[in-house]
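This report refers to the structure that appears directly beneath it.
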């Protein structure tokens, strides 16, 4: 293995480290502050407009999730789940609206990026070589 030579000497590295540590004290503390997560009321965007059937399906899925995982979810998480169900139901409606017939093939298929060389068929030998 060959070792990479550093483009920077140890002396230059030490100087840069000292300068960076000295300038770090001039950076305002607000740069390093961790932002508080928004409350569900602040973060919740508008729910999409759904048909009554879609609303019923999203609500049924939400109730199913609550029956399985409700004891593990906080109030904030349940509002997030409800919002996600409504948003995902809108996407599901778009997918279901696409017309498909029973004989339609898949839209995606595997197409290798690199084609391999094809092996040439070997010619059969005339027979085993005779030893003298």
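Throughout, read-outs are computed from the coordinates displayed, never taken from laboratory work. Because the structure is a prediction, the values reported are computed rather than measured. Here the Cβ positions follow ideal geometry from the backbone for every residue, glycine too, while neighbour counts run over all protein chains shown.
Residues 72, 15 in ascending order of nearby Cβ atoms (within 10 Å, fewest first): 72, 15.
Treating each Cα of the stretch 57-117 as an identical point scatterer and summing with the Debye formula, the log10 of I(q)/I(0) at q = 0.20, 0.22 Å⁻¹ comes to -0.81, -0.89.
Potential lengthening of the chain between residue 65 and residue 114 amounts to 13.2 nm, from the contour at 0.36 nm per residue minus the alpha-carbon distance.
Which of 118, 49 comes first, and how do the rest follow, when ranked by fewest Cβ neighbours within 10 Å?
On the way: 118 6, 49 9.
With the sparsest Cβ surroundings first, the list reads 118, 49.
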